[in-house]
Amino acid sequence: MSRASWEQVLPQSLDDHAIQNSVKVLFDQIQLHVENFYFNPQESIKIPPEAHERLSELQTPHLPGPLVDCMKSSRSVLPVIKHCLAHQVVQGMMAGQQPRLLPLGFTQDAGTQTESAAFLARNIEMDVDAFTDAFAKWRNESQDVAGAKSHLEGLLKNAASVASTLFSQPSMYQFSWIYTPQYNRSVLIVPTFRKVTDEQGKALEQPQELMRPVAERI
C-alpha cells in the first residue's frame, strides 16, 4: 500500500495540545502497566543464565550499566522496568526506516492493507513476548502472564495509534533521552518530547517542549 493510500485513513491534523495529551496518556499507561503488573522485591532475585539473554535484548544506552546488573543492584527495580518499556515503545514508534509500530505503507510500499496490518500485529506480539518474558521474575504473583500480555498488547496498539498520528502531522516531533540527572543513580521513565519543525516543515529556532522528562531513582 502506498503513502497515497494511507493518506485516506490518516488521522487529521491536530493542535499541539491534542498531540501533547495523546503522548502523555501513552506514557501514563506505561507507568501504570509496570506498577500494576510488576513488583519491587525486598531482596535481589537470582537471575538464571537463560534470563540474561532475554534481558540483554531490552538493554538501552541510557542505563547506568548492563540491565542485568541494574536488576540485581537497584534499590528499586520498577523505574528500570518503566525505562525499558518506555524505551521499547519509543523505538517502536520512531526508530529506523520502518518503525515497528507503524504499519507497512507509511514509510515504504506494502502489498495490501491486510499484509500491513499483519506486519503490525506480528511486531506487537513479538514485543509483548520479549518484554513479559524478560521481566517474568518480577511479575506480581497475583497477575497471570495472560493478563499482563493482554494489557501490554492494548498499550502497544495505542502506541501504534499515537505513532500514526505523529507521522501524519505536518510538523515533526522528537523524543530525547538526554538529561542531566539530579541523582547519581536515576533513570528516565519519561523522555523529553519536542516539536522540532513548524507546519511548513521549517526547523524551529527553539524546539517547543511538549512533555518534560521524568526521572526516578534506582
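The GluC sites (Glu not before Pro) of region 10-62 that meet both conditions, a loop assignment by DSSP and at most 15 other Cβ atoms within 10 Å of the site Cβ, are GLU43, GLU57. Given the choices [x] 46, 44, 32; [y] 54, 41, 26; [z] 44, 34, 32, Cα extents along the principal axes in Å derived from the coordinates of this structure is entry [y]. Taking amide H as placed 1.01 Å from N in the peptide plane, the amide H of THR197 sits under 5 Å from that of MET172, LEU204, each at least 5 places away or on another chain. Restricting the trypsin sites (Lys or Arg not before Pro) of region 37-93 to loop positions (DSSP other than H, G, I, E, B) with no more than 12 neighbouring Cβ atoms within 10 Å leaves LYS46, ARG75. Here the Karplus relation 6.51 cos²θ - 1.76 cosθ + 1.60, evaluated at θ = phi - 60°, turns the backbone of region 194-205 into coupling constants of 10, 8, 10, 9, 7, 5, 9, x, 7, 4, 6, 4 Hz, with x for every Gly and Pro. Which angle from 0 to 90°, rounded to the nearest 10, does the C-alpha axis of helix 145-168 make with the longest principal axis of the chain? Tilt relative to the chain: about 30 degrees. For region 121-194 versus region 13-80, the inter-centroid distance based on Cα atoms is 8 Å.
Scalar couplings 3J(HN,Hα) for region 118-126, obtained by applying the Karplus form with A = 6.51, B = -1.76, C = 1.60 to θ = phi - 60°, are 5, 4, 5, 4, 5, 5, 4, 4, 5 Hz; x denotes Gly and Pro. A cut-off of 5 Å between modelled amide H atoms, ignoring neighbours fewer than 5 places along the same chain, links VAL190 with VAL214. Applying the Karplus relation 6.51 cos²θ - 1.76 cosθ + 1.60 with θ = phi - 60° to region 181-191 yields 3J(HN,Hα) values of x, 7, 10, 4, 10, 8, 9, 6, 9, 9, x Hz, where x marks Gly and Pro. Within the same chain, lysines fewer than 8 places from LYS72 are excluded, and of the rest, those with a Cα less than 27 Å from its Cα are LYS46, LYS82, LYS137, LYS149.
Magnitude of the charge dipole for the chain, about its Cα centre and with charges confined to Cβ atoms of Lys, Arg (+1) and Asp, Glu (-1), is about 500 debye.
Per the helix-only calculation at 222 nm, which mean residue ellipticity applies to the chain, given -39500 (n - 2.57) for every DSSP H run of n ≥ 4 and division by its residues, nearest 500 deg cm²/dmol? Value at 222 nm, helices only, nearest 500: -16000 deg cm²/dmol.
Any read-out appearing in this document is the output of simple, stated calculations on the displayed coordinates, not a laboratory observation. In this text, all values refer to a predicted model and were calculated from it rather than measured experimentally. Reconstructed Cβ throughout: ideal geometry from the backbone, glycine too, with neighbour counts over all protein chains shown.
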